[in-house]
Structures are given as C-alpha cells and as structure tokens.
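J.: Handing you this structure, nothing more for now.
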Amino acid sequence: MANPTNSFRTPLGRARGLGSAKLGAQHWLAYRVASAGLAVLTVLFVILVLSLIGASYEEVVATFKKPCPVILTILFLGATFHHAAYGLQEVFEDYLHGKLSKLVAIGLTKAAALVLFLLASFAVLKIAFGA
Amino acid sequence: MTDTPAAKRQRPLSPHLQVYRLPLPALTSITHRITGIGLCVGTLLLVWWLVAAAAGPEAYATAAGFIASPIGLILMFGWSAALWYHFFNGLRHLAWDFSAKMLSLQQSYSSANLVIGASIGATIVTWVLVFAL
C-alpha cells in the first residue's frame with residue numbers, strides 16, 4: 001500500500017467510494033432524467049391506447065405490425081418497469097427494516113420487473129414479426 | 001421546571017399519524033406513493049393485454065372482455081386517475097428537483113391544488129375521449 005501522502009492520486013480520488021453509500025447522486029439524477037422521458041412516453045402511449053378503443057383484434061394486430069407503435073410500446077414498457085422497480089425499491093427501503101427482507105424484496109421486485117418487461121416486449125415483437 | 005421529575009414534564013409530542021390531520025402537501029406526497037404502487041399492479045393488466053393479443057383471437061377476446069366488463073372499467077378508471085395524478089405530481093417533483101424553486105409553504109399548497117385540478121381534468125378528458133371514440 002502506497003503511502004497516501006506521496007501518492008499521485010488526488011485526495012478526492014482516494015476518498016471516492018469510501019463512504020457508506022459507495023456511490024454518489026448519479027442514480028438519483030438518472031432516475032429523474034428517466035422519469036422525464038417516461039412522462040413524454042406516457043402521453044404518447046395513452047394516445048396510442050385511446051386510438052385503439054373499440055378496435056377489433058385484427059385492428060390491434062395491424063397496429064402492432066407498424067414500426068412506430070411497436071417501438072413506442074417497447075420504450076414505454078422499458079421506462080415503466082425501470083421506474084416501477086426503482087420506485088418500489090424506495091418504498092421497501094423506507095418501510096422494510098430487516099436487512100435481509102429489504103434485500104429479498106428489492107431483488108424479487110427487480111427480477112419481476114425484468115421478467116414482465118421481457119414478456120410484454122416479446123409479445124409485441126411476436127405480433128410485429130408474426131405471420 | 002428543573003425540580004419536576006423528568007417523566008412528569010410537559011414535553012411537546014410529535015404528532016402521531018392516527019390523530020394528526022395530514023396537511024395538503026403531506027397528503028399529496030403519500031398519495032404519490034400509493035398511486036405509484038397501484039400503477040405497478042396496473043402494469044400486470046397491460047402485460048396481460050399485450051400477451052393476449054400475441055396469443056391469438058380467443059385469448060384477446062378474454063382480455064378485452066375483462067377490460068370492458070364493469071369491474072374492468074372500474075379498474076381502468078382507477079388506474080387512469082392514478083396515472084394522471086402520478087404524472088402531474090411527478091412533474092411537480094421534477095420541477096422541484098431541477099429548479100429548487102416553488103418550495104415555499106404557500107407555493108407547495110398552490111402547486112398541490114394545481115396537481116389535483118390537472119389530474120381530475122385529465123381523467124375527465126380521457127374518459128370523454130374513451131366514450132366519444
């Protein structure tokens with residue numbers, strides 16, 4: 001271990017990652033930027049859903065064969081499940097007090113969000129590329 | 001004051017949730033969380049709808065039939081209201097986080113009222129469109 005006083009590393013570089021949080025505010029900021037993106041996608045997706053009110057099965061399938069609705073839906077699903085997993089993580093961090101229960105709840109939430117995102121995206125792509 | 005025993009002193013108590021009427025900014029804050037959790041449940045219906053559409057006409061008819069049923073419509077109404085509330089209150093939080101303005105007590109009350117009004121308005125517009133389309 002080099003003597004910190006004659007190291008070439010800056011004091012900031014040596015201190016980084018040593019705090020209890022390990023990370024800074026990046027995830028906080030990233031969540032907010034992603035939320036702003038989700039807000040835009042939400043408006044577009046609500047318009048897409050409203051355009052499908054009263055549509056037959058064939059019309060819904062025809063819609064999800066067009067590129068824009070497919071890309072919008074998958075983007076919306078990704079942003080939604082990312083937002084949902086992170087939001088539920090904050091809820092668990094606040095209200096679950098056992099270290100293990102918190103870890104398990106957050107882990108299961110993230111796994112469920114990922115599975116649901118893949119399931120719904122696969123369904124959309126199956127319609128898009130299906131016969 | 002110093003001669004009364006510590007246990008008998010009249011100390012101010014922090015308000016307990018069960019007997020404390022939440023002020024509007026606190027109410028909008030907890031409602032944001034509750035609607036967020038409700039919307040997480042709502043994503044299951046969205047996933048079901050998409051998977052049913054991919055599975056074929058019979059599965060789609062089941063899902064679409066459930067959504068158009070009275071229970072389905074009540075759930076859709078609840079989710080649309082929750083979505084618009086979470087949407088507008090989310091924008092309020094983004095405005096706070098990115099500008100660090102509008103944070104005074106009076107402004108937090110007026111922005112709370114604005115959010116409630118906007119979500120009621122957007123929910124009504126959404127359902128007018130649902131029945132008009």
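J.: Roughly speaking, what % of Cα-Cα pairs in chain A are separated by over 24 Å, rounded to a whole number?
T.: Roughly 51 percent, once rounded to a whole number.
J.: Here's another thing I want to ask about it. Wrap a convex hull around the Cα atoms of chain B, take a quarter of its surface area, and give that in square nanometres.
T.: Averaged projected hull area, Cα only: 13.6 nm².
J.: Relative to the longest principal axis of chain A, what angle (0 to 90°, nearest 10) does the C-alpha long axis of helix A:26-51 take?
T.: 10 degrees
J.: Most exposed first by the Cβ proxy, i.e. fewest other Cβ within 10 Å, how do A:GLU90, B:GLU58 rank?
T.: B:GLU58, A:GLU90
J.: Turning to a different aspect of this structure: Please state the charge dipole magnitude for the protein assembly as shown, taken about the Cα centre, from unit charges on C-beta atoms (+1 on K and R, -1 on D and E), reported in debye and rounded to the nearest 20.
T.: With Lys and Arg at +1 and Asp and Glu at -1, about 1060 debye.
J.: Putting +1 on Lys and Arg Cβ atoms and -1 on Asp and Glu Cβ atoms, find which of A:HIS97, A:ALA25, A:LEU50 reaches farthest to the positive end of the dipole of chain A.
T.: Of the listed residues, the answer is A:ALA25.
J.: Using the Kyte-Doolittle scale, which helices in chain B average at least 1.0 and also have C-alpha atoms spread 20 Å or more along the helix axis, with helices defined as whole DSSP H runs?
T.: Passing helices, by number: B:24-55, B:105-132.
J.: Order of B:TRP96, B:TRP84 from fewest to most other C-beta atoms within 10 Å? Intermediate results must be reported in sequence, preceding the final value.
T.: Details: B:TRP96 15, B:TRP84 23.
Ascending number of Cβ neighbours within 10 Å: B:TRP96, B:TRP84.
J.: Also: Specify the angular offset, from 0 to 90 degrees and rounded to the nearest 10, of the alpha carbon long axis of helix A:67-95 from the longest principal axis of the alpha carbons in chain A.
T.: Relative to chain A, helix A:67-95 is tipped by roughly 40 degrees.
J.: Next question, about the same structure. Rounded to the nearest 20 debye, what is the charge dipole size of chain A about its Cα centre when +1 sits on each Lys and Arg Cβ and -1 on each Asp and Glu Cβ?
T.: 620 debye
J.: Would you work out which of B:LEU83, B:ALA54, B:THR126 lies farthest towards the positive end of the dipole of chain B, given +1 charges on the beta-carbon of Lys and Arg and -1 on that of Asp and Glu, about the Cα centre?
T.: Value: B:LEU83.
J.: Let me know the Kirkwood hydrodynamic radius for the protein assembly as shown, please, with Cα pairs as the basis and the value in Å to one decimal.
T.: Here the Kirkwood hydrodynamic radius works out to 21.9 Å.
J.: Divide by every residue of the protein assembly as shown the summed helix terms, -39500 (n - 2.57) for each DSSP H run of at least 4, and state the resulting mean residue ellipticity at 222 nm, rounded to the nearest 500 deg cm²/dmol.
T.: -26500 deg cm²/dmol
J.: Relative contact order of the range B:41-132: what whole-number percent is it, with Cα pairs under 8 angstrom and at least 6 residues apart?
T.: Rounded, it is 25 percent for the range B:41-132.
Coordinate-derived values only; no laboratory data. Model, not experiment: these values are computed from the prediction. Positions of Cβ are generated from backbone atoms using ideal geometry, with glycine treated the same way; all protein chains shown enter the neighbour counts.
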